[in-house]
């Protein structure tokens, strides 16, 4: 008796690995877990991008402050 064929509608590719008996099986992860991993990865990349922008602004602000202190300490707004 053979197992019923399952049609995989999931567009996410699943890795195929050999099991203990030498048969090739698909490693399946729940779709919810894969979606959660993708969302967390996207959120992490957004956070890293925001931190890089903040660091760049802080560096520019520090350069601007050091430049203004050399010219009598006047604060330049523009």
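Output the qualifying pairs, or none if there are none: Cβ atoms under 7 angstrom, residues six or more apart or on different chains, first residue in the range 34-52 and within 27 Å of residue 15 (Cβ to Cβ), second residue surrounded by 10 or more Cβ atoms within 10 Å (Cβ to Cβ) and modelled with pLDDT under 90.
Matching pairs, first to second residue: 34/12.
Taking the condition of being surrounded by 11 or more Cβ atoms within 10 Å (Cβ to Cβ) and either at pLDDT below 80 or in contact with a strand residue (DSSP E or B) (Cβ under 6 Å, 6 or more places away or on another chain) (or both), how many residues in the range 15-40 meet it?
Within the range 15-40, residues that are surrounded by 11 or more Cβ atoms within 10 Å (Cβ to Cβ) and either at pLDDT below 80 or in contact with a strand residue (DSSP E or B) (Cβ under 6 Å, 6 or more places away or on another chain) (or both) number 7.
The values are calculated or read from the model by the stated rules, or taken from the named source; none is laboratory data. Here the structure is a predicted model, which means the values were calculated and not measured. Reconstructed Cβ throughout: ideal geometry from the backbone, glycine too, with neighbour counts over all protein chains shown.
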